[in-house]
Amino acid sequence: MDKEFDVVIIGGGPAGLTAAIYASRANLRTILFEGSKDIGGQLVLTTEVENYPGFPEGILGPELMKKMREQAKKFGSQILSEDVTRADFSRKPYSVETGKSKIKAKSVIIATGARTRWLGLESEKKLIGRGISSCATCDGAFYKNKDIFVIGGGDSAMEEALFLTRFAKSITVVHRRDKLKASKIMQDRAFKNNKIKFAWDSEVSEILGKERVSGIKIKNIKTKKVTELKGEGVFIAIGHIPNSEIFKDLEKDKNGYLVVKNSIFTSKPGVFVSGDVQDHIYKQAITAAGLGCMAAIEAEKYLEINK
């Protein structure tokens, strides 16, 4: 394997793979580190994707990522299932290391994504993608006329709940406190919507169901009373954690998202960022892919100028 590449891409989700497709088609020596687990990013946890352009009948999340991966390899990208443990942007060429490899990079595209902040229940793990979701925009349409739950009390939770009222029969918001953390305008919108009700001072103790979600058990924090509620969907909205821990040389916001200028540029020349590791607003596969495309095109321009 070559020890120096024109473009090193860290992350194998829609952003990273799209960047790899564009970079390798531009005849740039491209290598992508996709990690050793959850390969394909958050989409591998999604059953059916209906809102990615080009698939009118929908496509399974893992299948979409498989096609993207095959496309990147077709154009010459090397893809390794290794975890990047260190990235040094203090001198050129930049250095990217895994437990097995040490690569020199003329340019780097960071597309490490973000991970959902899950509840951490054993019953949750087996039902992710089978009635448990972290994205109402992605999966809301599957719950027409269903009774569902949103877990959380911030702006994200209220946005999810309000969006889901377009499809669901009822939404129960489960929140650990007796008042919401969301902004007043979001609270007002939620309180005025008669499809949304609230379970206050409560936390989910178990998610019910064998093959798919059939309900939840909630425990009142104050009274300790456990209540079982029937429903067919659970949307977790307690935040995401950007996968940015290893990037010591780059600026981050208070929540750990990488700070960029003009969508993809970092303060380090030749280091670009795409996808959910910097995007805490849209968090869609299509926007991640778009940012990956932009990053690859800018990397090509950068390399042309800095031969």
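Residue check: VAL108 meets all listed conditions (1) crowded, with 17+ Cβ neighbours inside 10 Å; (2) without any contact (Cβ under 8 Å) to a residue 40 or more places away in the chain; (3) under 23 Å from the mean Cα position of the chain (by Cα) but one, namely (2).
Counting only strands (runs of 3 or more DSSP E) wholly contained in segment 213-303, the ones carrying 1 or more residues that are over 17 Å from the mean Cα position of the chain (by Cα) occupy 215-220, 226-230, 233-236, 271-273.
Let's see how each residue does on (1) assigned by TED's automatic domain parsing to the domain that holds SER214; (2) touching a Leu at 6+ places or on another chain (Cβ under 8 Å):
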site: PHE89; (1), (2): no, yes
site: PRO93; (1), (2): no, no
site: SER101; (1), (2): no, yes
site: LYS104; (1), (2): no, no
site: ILE110; (1), (2): no, yes
site: LYS125; (1), (2): yes, no
site: THR137; (1), (2): yes, no
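Summed over segment 27-41, residues that are of a type outside the set (Asp, Glu), over 15 Å from LYS106 (Cα atoms) and in contact with a helix residue (DSSP H, G or I) (Cβ under 7 Å, 6 or more places away or on another chain) total 2. When we screen PHE55, PHE75 for residues that are surrounded by fewer than 24 Cβ atoms within 10 Å (Cβ to Cβ) and within 24 Å of GLY140 (Cα to Cα), the only hit is PHE55. Applying the condition of being in contact with an Asp or Glu (Cβ under 6 Å, 6 or more places away or on another chain) and assigned to a loop (DSSP other than H, G, I, E, B) to segment 157-212 and asking which residue is nearest to ALA141 (Cα to Cα) yields LYS169.
Per-residue answers, yes or no, for (1) on the phi > 0 side of the Ramachandran plot; (2) at pLDDT below 95; (3) buried (at least 19 other Cβ atoms within 10 Å of the Cβ):
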{"residue": "GLY113", "(1), (2), (3)": "yes, no, yes"}
{"residue": "GLU122", "(1), (2), (3)": "no, yes, no"}
{"residue": "LYS126", "(1), (2), (3)": "no, yes, no"}
{"residue": "GLY152", "(1), (2), (3)": "yes, no, yes"}
{"residue": "ASP155", "(1), (2), (3)": "no, yes, no"}
{"residue": "ARG166", "(1), (2), (3)": "no, no, no"}
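The values are calculated or read from the model by the stated rules, or taken from the named source; none is laboratory data. Please read all numbers here as calculations on a predicted model, not as lab measurements. Don't worry about glycine lacking a Cβ; one is built from the backbone with ideal geometry, like all the others, and counts go over all protein chains shown.
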